[in-house]
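Right, one structure below, let's go through it.
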Amino acid sequence: MTHSHIQTYFFLIILSAVLVLTFFIFLPYLNALIVAGVLAVIFRPLYRVLKRRARLPNGFASIITIIVVLIAIITPLVFLGTQIFREARDVYMAVIADGGSVFWSRIEGLLSAIPGDDSWFNSTIASFRSDTQHYLGQFLSWILGHFDTVFASLSRTAINLFVGLIALFYFLKDGSALKQKMIDLSPLSTAYDRQIFDRLQMAVNSVIRGQLVIAVIQGVLTGVGLSIFGVPNPALWGLLAMFAALIPGIGTSLVLIPAIIYLFATGTVGSGVGLLIWSVVAVGLIDNFLGPRLISKSIKVHSLLILLSILGGVGLFGPIGFFAGPLVLSLLFALLDIYKSLILHGGQLTE
């Protein structure tokens, strides 16, 4: 082994050790950096408009973009998260307290309106109560456990928010320079690196800004409709509708149809008709109206895979997995596309 080889191996060992150490230093703020990176990709078009058309300096355009993010995303997210946590806690206590006698008396009152044989009803309601109490209790405790980690330490949340906003500022302001530094360090040619970044950005826009944003909007509109027409715990069911919006062929109807039946069963026919119209007009047309505008040129990812990535991401990373799961999935599909073009097609990236 020559002296130059020894130097190379020694340098790689030191570099690897420093990289691992740096990773653990940044690990407490990894969630904030992930969110900041996703928001930087989503809101970069707004940043470019402010910088080029409004002729604002880079720093000032970044500040205005961050203000828009605070107004449009973070503030409503904090409010909705707090509301969902409260409603989940109330429903959980209603299900658990006194064996859920008050909660289940209401459910039995609704189901008793269904015509049929009483003996069949009694056996069915007993089985329904046992199974539903088990799974509903698990679902609510899961929500409370994950949301509780967000609100458990206000100081930690405030620090992560501060780090995320600072990171978002520099990702917007110096994003091009950071990307160029990564290109300079890459062993691939510059043309390959730039096309890789373009495809990764297309994948992130497809999953995060496209299908995921549409699901969030449908979930919010579902919660608003449930609140307007008097369905209890609208924020909690709006959260469930947001996940259901990603299920192919079912969507928000998984929440809206039972809610409409609930309103008719409780005698509020006018509210039931109103929610039905709201479901068709306000919620049902969102996908057709916003879909082509948000997913114009992108890598298509099946909605079922996005749903699984969200659920798995939340289970692995906590609430931040709502972004991290689909982000990892989008990167995987982009890299698979690059693998197909770069390796399977003889080292030529296709346009």
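Key figures
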| item | result |
| --- | --- |
| Among (1) of a type in the set (Lys, Arg); (2) touching a residue at least 12 places away in the same chain (Cβ under 8 Å); (3) in contact with a helix residue (DSSP H, G or I) (Cβ under 6 Å, 6 or more places away or on another chain), the one test that residue 44 misses | (3) |
| Matching residues, the range 1-53, being modelled with pLDDT under 85 and of a type in the set (S, T, N, Q) | 2, 4, 7, 8, 31 |
| Every pair of residues 6+ apart whose Cβ atoms lie under 9 Å, when the first sits in the range 1-30 and is farther than 30 Å from residue 317 by Cβ while the second is in a helix (DSSP H, G or I) and modelled with pLDDT under 90 | 1/9 |
| Members of the range 250-263 that are surrounded by fewer than 16 Cβ atoms within 10 Å (Cβ to Cβ) and touching a Ser or Thr at 6+ places or on another chain (Cβ under 9 Å) | 257 |
| Some residue of the range 183-199 being more than 20 Å from the chain's Cα centre (by Cα), under 20 Å from residue 328 (Cα atoms), part of a helix (DSSP H, G or I) and aromatic (Phe, Trp, Tyr) | yes |
| Test: residue 241 is under 14 Å from residue 223 (Cα atoms), modelled with pLDDT of 80 or more, touching a Gly at 6+ places or on another chain (Cβ under 6 Å) and in a helix (DSSP H, G or I) | yes |
| Test: residue in the range 160-180 that is out of contact with any Pro (no Cβ under 6 Å at 6 or more places or on another chain), modelled with pLDDT of 80 or more, among the polar types (S, T, N, Q) and more than 30 Å from residue 75 (Cβ to Cβ) | yes |
| Helices (runs of 4 or more DSSP H) contained entirely in the range 1-95, each with at least 2 residues that are more than 24 Å from residue 167 (Cα to Cα) | 3-26 |
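Quick grid of which residues meet (1) crowded, with 18+ Cβ neighbours inside 10 Å; (2) under 28 Å from residue 200 (Cα atoms):
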{"residue": "27", "(1), (2)": "no, yes"}
{"residue": "47", "(1), (2)": "yes, yes"}
{"residue": "50", "(1), (2)": "yes, yes"}
{"residue": "64", "(1), (2)": "no, yes"}
{"residue": "85", "(1), (2)": "yes, no"}
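Matching residues to (1) over 23 Å from residue 76 (Cβ atoms); (2) without any contact (Cβ under 8 Å) to a residue 24 or more places away in the chain:
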| position | (1), (2) |
| --- | --- |
| 188 | yes, yes |
| 196 | yes, no |
| 216 | no, no |
| 221 | no, no |
| 239 | no, no |
| 242 | no, no |
| 255 | no, no |
| 269 | yes, yes |
| 275 | no, no |
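The values are calculated or read from the model by the stated rules, or taken from the named source; none is laboratory data. Quantities reported herein were computed from a predicted structural model and do not represent experimental measurements. So basically every Cβ, Gly included, is an ideal-geometry build from the backbone, and we count neighbours across all protein chains shown.
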